[in-house]
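Novice: Have a look at this one before I ask anything.
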Amino acid sequence: MGELSSGPGRVLVAVYAVFAVAATGRSLVQLGTDADRAPLAYSLSLLAALVYLAATTCLLVGGRRGWWAALVAVVVEAVGVLVVGTLSYVATDLFPDRTVWSHFGQGYGFLPLVLPVAGLVWLRRTSPARSR
Amino acid sequence: MNAVLLWLVLATSVVALVMVVVHLVRDETAGDPTFLALAVVEVLLLVQAVLGSVALAGTDREISGVTFVSYLWSIVLVLPIGAFWSLAERTRAGTAVLLVALLTVVALEVRLQSLWAVGG
């Protein structure tokens, strides 16, 4: 097991894995049952799912490449939750249905807002530049 | 959906949660009593998955069957995977994984109940 997925990273992987499954399930159901109802919201659900899957995988794989890929995934996640969270308040007509990131992840106890912060803190602590 | 079973799952989950939190505070690894408590929750979840699937087949509620059944059976997977991931590292972080798993079960359980209630 890599250094990215041990210690606090182990807890982070667990939470990311839960969100990966939750977001994937949600987007598959949304796209599979009624894709035309809210194409933008459902595409963003799918994006969220892919980001969580990527972050989980990168943390598990570890290593220098895993670290950089995880950083990209977590930054995309942070931008995504902030942009979608804001848009879901100011441009409600864009979102006839919810995504994981709507209202800053309100439906998920605001964890989607906390998770990228935790991810960035962890990546900072495990930075390859720092260990050399 | 069986309300008694729902409350049993929630009650046993809370007991297991308290045990895990005590381990976390004392910085000790989870022992047999905690894993026994997790096993009790898991057995209840399996019973719930079977009874819930049967109940869905026999109800005329407006419930999305796919979502409901996937919730029922996803919950069953959480604790075994969580326990496996936790046991791979016998540290405080490993114990915290059990906390994440139990909180996930509680969250899914609440969601499952609202899925059933909405259809009623």
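Novice: I'd like the FRET efficiency for A:THR92 and B:VAL69, computed as 1/(1 + (r/R0)^6) with the beta carbon distance as r and R0 of 41 Å, rounded to 0.05. Let's see the in-between values first.
Specialist: On the way: r = 32 Å, r/R0 = 0.78.
Calculated transfer efficiency: 0.80.
Novice: Okay, next question. Estimate the FRET efficiency between B:ALA117 and A:GLU3 by the formula 1/(1 + (r/R0)^6), using the beta-carbon distance for r and 45 Å for R0, to the nearest 0.05.
Specialist: 0.50
Novice: May I ask you to list, by number, the DSSP H helices of chain B whose Cα span along the axis is at least 24 Å and whose average Kyte-Doolittle hydropathy reaches 1.6 or more?
Specialist: On the way: long enough: B:3-26 (35 Å, 2.41); B:32-57 (37 Å, 1.91); B:65-87 (34 Å, 1.73); B:92-118 (39 Å, 1.53).
Going by DSSP H runs, the hits are B:3-26, B:32-57, B:65-87.
Novice: Also, quick follow-up: Given contacts defined as C-alpha pairs under 8 Å and at least six residues apart, what's the relative contact order of segment A:3-126, whole-number percent?
Specialist: 28 percent
Novice: Give a quick list of trypsin sites (Lys or Arg not before Pro) in segment A:1-58 that DSSP marks as loop, anything other than H, G, I, E or B, with at most 15 other Cβ atoms within 10 Å. Can you show the working numbers first?
Specialist: Details: sites: A:ARG10, A:ARG26, A:ARG37; in loops: A:ARG37.
Loop-located and lightly packed - A:ARG37.
Novice: Alpha carbon centre of segment B:74-89 versus segment A:37-72: separation in Å?
Specialist: Rounded to whole Å, the Cα centres lie 22 Å apart.
Novice: For chain A, what is the mean residue ellipticity at 222 nm derived from helices alone (per DSSP H run of n ≥ 4: -39500 (n - 2.57); sum divided by total residues; nearest 500 deg cm²/dmol)?
Specialist: Details: 5 runs with 97 residues, N = 132.
Calculated mean residue ellipticity at 222 nm is -25000 deg cm²/dmol.
Novice: Let me know the charge dipole size of the protein assembly as shown about its Cα centre in debye, to the nearest 20, where only the beta-carbon of Lys, Arg (+1) and Asp, Glu (-1) is charged.
Specialist: On the way: 15 positive and 14 negative charges, 188 e Å.
Dipole magnitude for the protein assembly as shown comes out near 900 debye.
Novice: Let me ask something else about it. State the volume of the convex hull built on the alpha-carbon positions of chain B, expressed per residue in Å³ and rounded to an integer.
Specialist: Values: hull volume 9.8 nm³, N = 120.
Taking only Cα atoms, chain B has a hull volume of 81 Å³ per residue.
Novice: Continuing with the same structure: On a full-extension model of 0.36 nm per residue, what is the gain between B:VAL14 and B:VAL43, subtracting their alpha-carbon distance, rounded to one decimal in nm?
Specialist: The span from B:VAL14 to B:VAL43 would gain 8.9 nm if fully extended.
Novice: Also, quick follow-up: Taking the alpha carbon gyration tensor of segment A:36-119, what are the square roots of 5 times its eigenvalues, largest first, to the nearest whole Å?
Specialist: 25, 13, 9
Novice: Can you list the residues of segment A:89-132 with backbone N under 13 Å from a point 7 Å past the Cα of A:TRP68, pointing along Cα to Cβ?
Specialist: Inside the label zone: A:128-129.
Novice: What residues from segment A:16-47 fall in the zone where the backbone N is under 20 Å from a label point 7 Å along the Cα-to-C-beta line of B:VAL76?
Specialist: Zone members listed by number: A:18, A:21-22, A:25-26.
Novice: If a helix is a whole DSSP H run, which ones in chain A reach 24 Å or further along their own axis (Cα) and hold a mean Kyte-Doolittle hydropathy of at least -0.5?
Specialist: A:8-34, A:39-61, A:63-90
Novice: Only Cα pairs within less than 10 Å get springs; with that Gaussian network setup on chain B, which residue of B:GLY82, B:GLY52, B:GLY65 has the largest fluctuation?
Specialist: Of B:GLY82, B:GLY52, B:GLY65, the most mobile in the Gaussian network model is B:GLY65.
Novice: Computed on alpha carbon atoms, what radius of gyration and Dmax characterise segment B:34-77, expressed in Å?
Specialist: According to the Cα coordinates of segment B:34-77, Rg and Dmax are 12.0, 39 Å.
Novice: Same structure again: If you take the square roots of the eigenvalues of the alpha-carbon gyration tensor of the protein assembly as shown and sort them as a ≥ b ≥ c, do you get rounded (a/c under 1.5), prolate (a/b over b/c) or oblate?
Specialist: oblate
Novice: Right, something else. With unit charges on the beta carbons (Lys and Arg positive, Asp and Glu negative) and the dipole taken about the Cα centre of the protein assembly as shown, which residue among A:TYR89, B:ALA55, A:SER6 sits farthest to the positive side?
Specialist: Going by the Cα projections, it comes out as A:SER6.
Novice: Treating only the Cβ of Lys, Arg, Asp and Glu as charged (+1, +1, -1, -1), what charge dipole size does segment B:3-118 show about its Cα centre? Round to the nearest 20 debye.
Specialist: 100 debye
Novice: What ranking, highest mean first, results for peptides B:28-41, A:53-66 when packing means the other Cβ atoms within 10 Å averaged over each residue?
Specialist: Numbers: B:28-41: 16.5, A:53-66: 18.6.
Put in order of decreasing packing, that is A:53-66, B:28-41.
Novice: May I ask which residue of A:TRP68, B:ALA107, B:ALA11 lies farthest towards the positive end of the charge dipole of the protein assembly as shown, with charges of +1 (Lys, Arg) and -1 (Asp, Glu) on Cβ and the Cα centre as origin?
Specialist: A:TRP68
Taken together, the values in this text are just the output of simple stated rules run on the coordinates, not laboratory data. Nothing here was measured: the structure is a model prediction, and the numbers come from that model. When we count neighbours, we look across all protein chains shown, and the Cβ atoms used for this are built from the backbone with ideal geometry, even at glycine.
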